[in-house]
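Heads up: the structure comes next, in structure tokens.
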Amino acid sequence: MSDQSRLFLAAVLMLGVLLVSWFVTGKTNNSQPSEVQMVAQQTTEFEEVEIIEEIPDSNLIVDTLPGNQDAAFSDYTERIVTVIVLDQNTRENLVVAKLSTTGGSVQSWMLQGFEDHPDQNLNQLVDLAEKPWLISRSSNGQPVLFEYSGPDTVYAGDQGVLISFVSGLSTKTYNFRSDFYGFTMQKNGLDLTSSIESSSIPVTEVQVTDKGYFTASWFTNDFNKENSEKIEALQPTGKVSWVATSSKYFTVIMMPESMERVDGYIAPGEGGSAFIALDDNSITVFAGPKSYSLLSDLGHSTSDMIDFGWPIIRWIGKLIFLFLTSALSFVSNWGVRIIILAFTLKILLSPLTTKSYVSMQKMQKIQPAMQEIQKKFAKDPKQQQVEMQKLYKEKGVNPIGGCLPMLLQMPVFFAMYRVLANMVELRGAGFILWINDLSRPEILIPFQTKILGLEGIGLMALLLGIIMFFQQKLTGTTGTGSAAQQQKMMMYMMPVFMTFLFMRFASGLTLYWLIFNILTLVHQELIKKKLTADQADGKAK
């Protein structure tokens, strides 16, 4: 295989891996008590918002007899408790939850910092409890009717807060604390299993076409994941340290507190998020954004839910993520952070770019000599190859010098793709003018209906295609015969194909690749001028 063919194959492989990444979008033992457990144990530090009074004959668990059941419901008054979880740094609301005494369930879980369909300006917040969670049921399947004697609205601030529901000898206690997207829940005298119903998590984005939008995840000896639509029936997961139901950007995780691992279950999502269940009377629930930082703090390998790609690419992705979220935390605009990242990576990768371009220029200069060898030894391929190797050695040319540096840059690009495609931080984050959501494709001219899978025309993707064309033009061809024809075809087809792809990618990724390619074009022009100047100096001497 000639060096020109290798270069062409490398570009094809790049596109192939990119397409695979696009279409196939895809525990550590904790022997010490978790922070939530320690907070729950130190009940003396909490503000007790409810005084549990003994109620004579107050066993309100519904009897299996229909008549008694109807009587119990007719005499029963449901109470709704609003719990406001505070962010101690900003002193703003983090979560507003509503708990019901009917079943002791979570009726609503509003995430205060996240808009539903953010690019549609609906002014609605994401509610992760479209169906009630954690409903306690009696033996006949009806919700247990609890009593609650505390205030209707409570705040989980510095000292946290306890919410206790009582039904006869049975109790259900929720423990909330500030700065945490969740709670611990303790049950006594009730069914062992705790569950999150199917289709509880809503679709929070527009034009969702990804079949893997809803998933079920769990951790046994390693991380496991299944697309919600592929789960055929209720199935056990085995002993787990946690089980989760998720959408692309949000998740509800249940973790056992009584034991290190307990039995977990998953079931079909019925067109929405998957059903999950856990057999434990004491659990921790995390319900919030799929943020790598938050899940890392939660522990138990829950951060594995953030798909940064294959092992090597995953480590590069983590470094990129930490640079964006930590090193550039002083920059408020996420688009500006991505531009700074593009400049940084360009500087770090510039030696590879320089080596690649210089090698291609050297290959261009020896084209006449290569053509002579090909003509002279057209009927003797072995001798032709020997003479080619002599020419390479004489001129100091590495035939794969232009290809290898480009391949070495590919892991960085794929890591960028995985990071920017899965960052909840980019969801609803605007940049400038019409680019109001860096997690969505940029659309300057929208279509009334999709055309070839596109929602509209994006300016950045068009500019990217034009710049890639000029890059190919500036680089020129380094082959002869059919290899040259292949490169010319790439010069026209590659920019068109990449433009089409980036019309569908998140605008944050398109912004990064656009800036990176602009810098590469400028860099190549500077290298070309330096090579010309060096050649002129050499001739003058």
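Rule-based calculations on the coordinates, nothing more; no lab input. All values reported here derive from a predicted model rather than from experimental measurement. Neighbour counts are summed over all protein chains in view; Cβ atoms, including those assigned to glycine, are modelled from backbone coordinates with ideal geometry.
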Practice task
Report, ordered by chain and residue number, the lysines lying within cross-link reach of residue 211, taken as a straight Cα distance under 20 Å and ignoring same-chain residues fewer than 8 apart.
Solution key: 225, 230, 248, 290, 450
Practice task
With a point put 7 Å past each Cα toward its Cβ, work out how far residue 319 is from residue 159 in nm, to one decimal.
Solution key: 4.8
Exercise for the section: With 19 Å as the limit, write out which pairs from 172/239; 355/395; 355/382 have Cα-Cα distances beyond it, or answer none. Expected result: 172/239; 355/382
Fill in the blank from the handout: Going from the fewest other Cβ atoms within 10 Å to the most, one would list 340, 231 as 340, 231
Fill in the blank from the handout: Extension length gain for residue 329 and residue 377 (0.36 nm per residue less Cα distance), in nm, is 11.1 nm
Practice task
Assuming R0 = 22 Å, can you tell me the calculated FRET efficiency for the pair residue 394 and residue 525, based on Cβ-Cβ distance, to the nearest 0.05?
Solution key: 0.15
